[in-house]
Amino acid sequence: MKIILLGAPGAGKGTQAEVISRHLNVPAISTGNCLREAVRAGSPLGLKAKDDMDNGRLVPDDVVIGVVKDRIAMDDCKNGYILDGFPRTVAQAEALEAMGVEIDRVVDLEVPDETIKRRLSGRRVCEGCGASYHLDYKPSKQEGICDSCGKALIIRKDDEPATVQDRLDVYHRQTEPVKAFYSAKGKLFQVEGQEKVEDTSALVLKALEA
Ligand code: AP5
């Protein structure tokens, strides 16, 4: 099964992508994580993406399309995958179609902007391995320290309040039209994000069976 998770920054795409990945045993591909890894490694891709990411702008379409094209050609994707954070523009959705990819379901997580701002202010990420935590919803065992690799937890640069507002503006302007693109094809399923992660997961898994 090939699934797209749509939604504003902080809507819970990454969280739900992990749940679906375990449920269907297919990889979850986060373009944000791919780009952050490239930034951490200091690769040419990372150097191209860093400034846009830090400032809440989208990385250019051709760069991200190249990342996804290479990733979905890998062996572990042959039985399907979940795309988390891609496509984010209509041009990216068209490029996916041009690659011959047949998407089965597009799940759109709907969460109000005010809830998103609250959620993102509590997120902490590991500076070493990139693992994600939340002060209230998913705390690390030892405050400020990653459970997996023991490195320090930091605030993601693009989770600063002013940048979160910019990311929301970009989402409303550039990504919301992607919903209409898939709705016209009868593939869009909207899910209201719930206060508890597991309540949202139940709705998402139901949408996949519809
Ligand atoms: P990316 O990493 O994709 O960032 P994003 O879409 O802004 O998504 P987030 O990771 O912030 O949130 P999420 O929806 O995954 O929510 P999460 O599950 O973490 O992209 C980063 C940047 O990369 C972009 O700004 C852009 O520059 C670039 N980029 C990436 N893809 C691109 C593309 N296709 N084109 C161009 N540029 C691209 O949850 C958020 C937090 O809330 C967590 O801490 C979680 O624990 C907490 N939380 C609290 N309550 C709940 C609940 N009920 N459900 C879920 N989470 C909850």
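Could you tell me which of the residues 135, 58, 35 is farther than 20 Å from residue 166 by Cβ and not basic (Lys, Arg)?
None of the others qualify; the one that does is 135.
So, in the stretch 81-103, of the ones that are touching a residue at least 24 places away in the same chain (Cβ under 8 Å), part of a loop (DSSP other than H, G, I, E, B) and more than 16 Å from the chain's Cα centre (by Cα), which residue ends up nearest to residue 61 (Cα to Cα)?
Here the residue is 99.
Only one residue in 168, 208, 153, 203 is in contact with a Pro (Cβ under 9 Å, 6 or more places away or on another chain) and surrounded by 14 or more Cβ atoms within 10 Å (Cβ to Cβ), so which one is that?
Selected residue: 168, the only one of 168, 208, 153, 203 that is in contact with a Pro (Cβ under 9 Å, 6 or more places away or on another chain) and surrounded by 14 or more Cβ atoms within 10 Å (Cβ to Cβ).
For every residue, the table says whether it meets (1) surrounded by 13 or more Cβ atoms within 10 Å (Cβ to Cβ); (2) more than 13 Å from the ligand (Cβ to nearest atom).
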{"site": "133", "(1), (2)": "yes, no"}
{"site": "138", "(1), (2)": "yes, no"}
{"site": "146", "(1), (2)": "yes, yes"}
{"site": "177", "(1), (2)": "no, yes"}
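Select the strands (runs of 3 or more DSSP E) contained entirely in the stretch 104-193, then report the ones holding at least 2 residues which are without any contact (Cβ under 8 Å) to a residue 24 or more places away in the chain and touching a strand residue (DSSP E or B) at 6+ places or on another chain (Cβ under 6 Å).
So the answer is 132-134.
What tally of residues in the stretch 75-101 results from selecting those that are near the ligand (Cβ under 10 Å from one of its atoms) and of a type in the set (Phe, Trp, Tyr)?
Here the count works out to 1.
Do we find a residue being within 17 Å of the chain's Cα centre (by Cα), more than 23 Å from residue 87 (Cβ to Cβ) and not β-branched (Val, Ile, Thr) anywhere in the stretch 140-155?
no
With respect to residue 188, is the statement that it is over 16 Å from residue 105 (Cα atoms), surrounded by 15 or more Cβ atoms within 10 Å (Cβ to Cβ) and of a type outside the set (S, T, N, Q) true?
no
Quick note: the coordinates plus some simple rules give every number you see, no bench work behind them. Predicted model, so just to flag it, every value in this text is computed and none were measured. Quick reminder, even Gly has a Cβ in these numbers, built from the backbone with ideal geometry, and neighbours come from all protein chains shown.
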